[in-house]
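Following: one structure in structure tokens, then a few remarks.
The values are calculated or read from the model by the stated rules, or taken from the named source; none is laboratory data. Here the structure is a predicted model, which is why all the values come from computation and not from measurement. Positions of Cβ are backbone-derived with ideal geometry, glycine not excepted, and every protein chain shown enters the neighbour counts. All accessible areas refer to the heavy atoms of the entire protein, side chains included, with ligands and DNA or RNA removed. Shrake-Rupley method; radii C 1.70, N 1.55, O 1.52, S 1.80 Å.
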Amino acid sequence: MIQKYNAVNKIKGELNLPGDKSISHRAVIFSGMADGKSEIFNCSNGEDVKSSIACFKELGCNIEYTENSIIIEGKGKFEFNNKDVVLDAGNSGTTCRLISGLLAAQNFISTIIGDESLSKRPMDRIVEPLTTMGANISAINNKLPITIKPAVKLKAMEHTLKVASAQVKSAIVLAALHLDEKTTIIENVKTRNHTEKMLGLDVIEENGKSIISVSSKNYPVPNTYIVPADISSAAFFIVFALLNKNSELKINNVLLNESRAGIITVLKEMGANIEVINYYKNGEEISGDIVVKSSKLTNINIDKNIIPNIIDEIPILSLAGIFAEGKFEVHNAEELRYKETDRIKSLVENYNKLGLNTEEYVDGFSVQGKILNNDILFESFGDHRIAMTFAILSMLSENGGSINNFDCVNISNPNFNNQINSIIG
């Protein structure tokens, strides 16, 4: 599907966006694990979260949709369907990696498969630590499918993360929830912390490290989850409003978790006029209503320590960098190469179509210059964040632009076009 966009000169109004994808995944998983009924309000309607829901249906959970929520009747510890099972994670790395930790503790054989894109992504990052815990888990060439057989004995451990990844951390946590002994996870670089907050894990901050403790005492119980709006989805509209003249946009109830709001921090350092006008608290998560106004931006040196907290927003952040003064440059972001596509390569390739000056590094890229070409057919590479980034860029370009294979946005935000149409002035 090729999606055409025309130039937009002004946006105004307000948006209510679907629930945060990361929190929605975890709400589904923890609800499925709990012994009893849980309810999730404002759950993400993207295909990735639907993959998590489908996996727990396959594991025997009863899932009911109401007008405003999802009700999940969890099975409780070790009570999933006692049969060999094949689970399809679709395009969702979060689904695949997190449930691997859960399945490592079960007494049946499970196989996780995924689509073509997910099947190319590295799985050794979870296979290695889970194997160290005693899991019987294997993946041919460290890619999907993953096969998990009943372990002889899982054991608690102390583990220092080799990769700054909340998915790896959470996979270990989900396995450790089945053990009475305490498992300790050490992060040298902080990553998003929704798992810790939602399970009430003990976390000690020491010498720049996070030391996380988990055991069966933290096992999920039935709960009510109210999911704030996805800040990663909001980032596209934030940048769109900043770069359009005479624009003002309000986005309601946006997640402001300290490990996720780095995009707002960076944009404000670039000169963005972004204000939080109301704050809300749901459990341990903070959200707020934000107002964004047109701003003149200047590129900055991006601190390497904030990269894990903005890794999903770098595509749209780089777009802001094109319209800002100076050169946009990012390093320490090699993780971008292991997403739905190699996002570094994909961004550079599309920016080159515009006649911009780009340079690709192992761990990042730079881009600067004046847009020389308009009305381009951009490639999404099957990646929802690449697709939405170049949709915004097309609407900021004089003659518009088009995106190939745009329907991949359904992975995170299937209502993207309706949201855009609702705020065009």
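See the values below:
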{"quantity": "Residues being without any contact (Cβ under 8 Å) to a residue 60 or more places away in the chain and either aliphatic (A, V, I, L, M) or more than 17 Å from Thr132 (Cα to Cα) (or both) - total across region 144-175", "calculated": "10"}
{"quantity": "Qualifying positions in region 374-396 - open to solvent by 10 Å² or more (accessible area, probe 1.4 Å) and among the polar types (S, T, N, Q)", "calculated": "Asn374"}
{"quantity": "Exclusive hit being farther than 14 Å from Leu347 by Cβ, of a type outside the set (Val, Ile, Thr) and either more than 17 Å from the chain's Cα centre (by Cα) or in a helix (DSSP H, G or I) (or both), set Asn399, Asn413", "calculated": "Asn399"}
{"quantity": "Filtered residues of region 250-265 (kept if charged (D, E, K, R) and in a strand (DSSP E or B))", "calculated": "Lys250"}
{"quantity": "Subset tally (residues that are under 13 Å from Pro145 (Cα atoms), part of a helix (DSSP H, G or I) and open to solvent by 10 Å² or more (accessible area, probe 1.4 Å)) for region 92-127", "calculated": "4"}
{"quantity": "Among residues of region 1-57, those that are of a type in the set (Phe, Trp, Tyr) and open to solvent by less than 10 Å² (accessible area, probe 1.4 Å), counted", "calculated": "2"}
{"quantity": "Sole exception among (1) modelled with pLDDT under 95; (2) of a type in the set (S, T, N, Q); (3) closer than 26 Å to Cys408 by Cα for Asn246, by number", "calculated": "(3)"}
{"quantity": "Tally of residues being touching a helix residue (DSSP H, G or I) at 6+ places or on another chain (Cβ under 7 Å) and at positive phi across region 366-400", "calculated": "3"}
{"quantity": "Conditions (1) touching a helix residue (DSSP H, G or I) at 6+ places or on another chain (Cβ under 7 Å); (2) without any contact (Cβ under 8 Å) to a residue 24 or more places away in the chain: number failed by Lys281", "calculated": "(1)"}
{"quantity": "Single unsatisfied condition, Asp375 versus (1) over 26 Å from Val189 (Cβ atoms); (2) modelled with pLDDT of 95 or more; (3) not hydroxyl-bearing (Ser, Thr, Tyr)", "calculated": "(2)"}
{"quantity": "Wholly enclosed helices (runs of 4 or more DSSP H) of region 266-373 bearing at least 1 residues among the aromatic types (Phe, Trp, Tyr) and surrounded by 15 or more Cβ atoms within 10 Å (Cβ to Cβ)", "calculated": "314-323, 343-353"}
